[in-house]
Amino acid sequence: MPELWAGTDAGQAEHHCTVIDAEGAKVLSRRVPNNEDELLRLLGDVLDMADDGALVTSAVDLNAGGAALWIALLVNHGQWLFYIPGRTVHHASGSYRGDGKDAFVIADQARMRRDLQPLLETSEIAVDLKILTARRMDLSTDRTRAINRLRAQMLEYFPALERAFDYSTSKTALILLLTGYQTPAALRRIGRARLTAWLKNHGVPHTQHGQERRRRRGDRRRGPVHRCPRGEDRREDAPYPGEGGDGPRSGDRRTRSPHRGPVS
């Protein structure tokens, strides 16, 4: 029974499909937009070429994203579909020439290889889990990026405080502190005892308090440095995530000390 192999070079806006026969000869090459009507027409034309019940084996170089609609159409029509990673296509393309090379490579690799894994229909539960885990990863990445930006800014004008936090114990301690007190002057005004109580009331682990006290004792032994790095006023006026009424209003000139520091 004659067989056909259809390789699809998938993209976001359009796909390129190449169909070859058992001898590796190209029998169809078409570029189609990534919409359902055009893809259904392409699928119908490929199936019409398979006379007398010939088997059509399809392959694609993406298993999600822009190829999701094409994959769903092939699976729903009962087509045998394989996934060939783009890295495999790239390494194999060195021995091929001509236009539409990637689509031809995908089809030819599906014809020759016997170690490919078929793409099967995905259950609704798997799709829901994929969406939820992707969302959780985005939130985790955004939070890490925000904390790293805050640490980089603090390192420029208050390095002693940045060193005082044990991020392996609590990654939220820095954000919680900066919602109320952003500069050395603000921390001098509140004092060590009130700062410790404020951190405790906001759920910061006790080890953070002890580490902060040790850091402050070390700063006092070294002596204060009454210098204000440029941009400190901007940092104190800037809003921080979750800024509310628990701490002093950043930028309230009536509560600010006339001098700056200490800054390590």
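The values are calculated or read from the model by the stated rules, or taken from the named source; none is laboratory data. Since the structure is predicted, the reported quantities are computational estimates derived from the model, not experimental observations. Don't worry about glycine lacking a Cβ; one is built from the backbone with ideal geometry, like all the others, and counts go over all protein chains shown.
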- request: Return the total of residues in region 107-149 being out of contact with any Cys (no Cβ under 9 Å at 6 or more places or on another chain) and touching a residue at least 60 places away in the same chain (Cβ under 8 Å).
  value: 5
- prompt: Looking at region 43-66, is at least one residue buried (at least 20 other Cβ atoms within 10 Å of the Cβ) and of a type in the set (S, T, Y)?
  reply: yes
- prompt: On the given criteria, is A107 in a helix (DSSP H, G or I), closer than 21 Å to G24 by Cα and either among the aliphatic types (A, V, I, L, M) or in the same structural domain as L28 (by TED's automatic domain parsing) (or both)?
  reply: yes
task: Look at region 35-62 and say how many of its residues are in contact (Cβ under 8 Å) with a residue 40 or more places away in the chain and in contact with a helix residue (DSSP H, G or I) (Cβ under 7 Å, 6 or more places away or on another chain).
output: 6
field: Subset of region 92-104 that is out of contact with any His (no Cβ under 9 Å at 6 or more places or on another chain) and surrounded by 10 or more Cβ atoms within 10 Å (Cβ to Cβ) - its residue that is farthest from W70 (Cα to Cα)
entry: Y96
- prompt: Any idea which of (1) assigned to a helix (DSSP H, G or I); (2) more than 20 Å from P118 (Cβ to Cβ) is the one V32 doesn't satisfy?
  reply: (1)
message: of a type in the set (S, T, N, Q), surrounded by fewer than 17 Cβ atoms within 10 Å (Cβ to Cβ), under 26 Å from the mean Cα position of the chain (by Cα) and closer than 30 Å to L199 by Cα: is that true of T141 in this structure?
response: yes
- request: Please go through region 13-29 and pick out each residue that is part of a strand (DSSP E or B) and at positive phi.
  value: none
- request: State the number of residues belonging to region 114-130 that are aliphatic (A, V, I, L, M) and part of a loop (DSSP other than H, G, I, E, B).
  value: 3
Residue that is surrounded by the most Cβ atoms within 10 Å (Cβ to Cβ) [pool: residues in region 77-91 that are touching a residue at least 12 places away in the same chain (Cβ under 8 Å) and in a helix (DSSP H, G or I)]: V89
